[in-house]
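Chemist: Dumping the structure here so I can ask a few things about it.
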Amino acid sequence: MKISVTIVAIVLLFEFSGPTPTQDFQGKAYYFSKSSLELGSWGARMSEAQKKQIKARLKNRLEKTYILSFNSTESIFVEEEKIDAISGATDSWGSNFARGKQYKNISQNQLVQAQEFYGKLFLVKDQLLSIDWELGSESKEVGGYTCFKATAVVPTASLEWFDFSWSDLPNPENEATTKDIKLSQVEAWYTMQIPIQHGPAEFWGLPGLILEVSTENTTLLCSEIISNPKEKLKINPPKKGVDIKIEDYRKTIMSKMLEMRNNMGRIRR
């Protein structure tokens with residue numbers, strides 16, 4: 001993990017750093033995630049009532065809650081399951097492209113994430129996302145904690161590798177079509193009052209726990225922290241599924257989706 005640090009940030013680092021947590025240090029952080037809905041040119045042809053209806057139906061995908069359980073070196077990040085606001089059922093279609101149970105081990109640079117695609121279990125094992133953080137001197141309060149700002153630029157695909165859409169598939173009229181690599185601006189706020197390198201989702205590696213992080217149209221905000229709960233937390237990587245790397249996982253799911261699209265085309269004919 002690379003970190004670019006300004007002189008001012010170094011001073012702040014020494015002023016606000018606390019004691020290094022022991023291996024027994026544990027905690028839970030609850031995050032609320034909110035994403036904006038981008039309808040593009042398709043949305044331009046819709047009425048405000050239609051847009052509102054679609055947002056209501058997609059509420060479970062646009063607004064989520066997560067729990068980050070952590071100790072000094074390991075963490076588990078999981079989504080709390082919600083009942084669909086319209087149908088009263090869980091979002092089974094969306095779950096095929098949702099983030100699975102995510103384990104990070106910062107001392108071993110290890111990511112283990114459980115993913116399910118139409119009943120098949122995968123165990124994605126890879127290195128943690130390398131982020132070149134730039135620390136700044138700007139600060140603000142988040143949930144009663146003093147936080148400092150950090151920024152970075154990362155490939156968008158590295159944040160959304162488990163998520164897919166039909167537009168990701170090759171154009172049937174031109175299979176050779178390639179897309180430029182899209183980059184995402186990342187803004188994170190971390191607290192030295194909890195001096196561990198954990199954070200939600202793919203984010204980690206700052207001098208304190210990340211309490212807020214924004215990328216493009218999504219923001220993750222910590223709403224509650226429980227330090228050293230009475231009941232000892234079990235932080236173990238998921239174990240069920242076919243072992244696979246991130247790149248191979250994407251190729252596998254893209255291949256399955258391409259097969260599904262081709263089959264639907266045959267049915268229409």
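Bear in mind these aren't lab numbers, they're just calculated from the coordinates by the rules spelled out. Quick caveat, the model's predicted, so the values are computed rather than measured. Neighbour counts run over all protein chains shown; Cβ positions are idealised from the backbone, glycine included.
Chemist: Describe numerically, in nm with one decimal, the distance between label points set 7 Å from Cα along Cα→Cβ at residue 139 and at residue 158.
Modeler: 2.9 nm
Chemist: While we're looking at this one, here's another question. Based only on other Cβ atoms within 10 Å, what is the fewest-to-most ordering of 135, 209? Spell out each step's value before the answer.
Modeler: Details: 135 22, 209 26.
Lowest to highest Cβ neighbour count: 135, 209.
Chemist: Can you give the extra length, in nm with one decimal, that the chain gains between residue 259 and residue 67 once fully stretched, where that is 0.36 nm per residue apart less the Cα-Cα distance?
Modeler: On the way: separation 192, 0.36 × 192 = 69.12 nm, distance 3.50 nm.
Contour length minus the Cα-Cα distance gives 65.6 nm.
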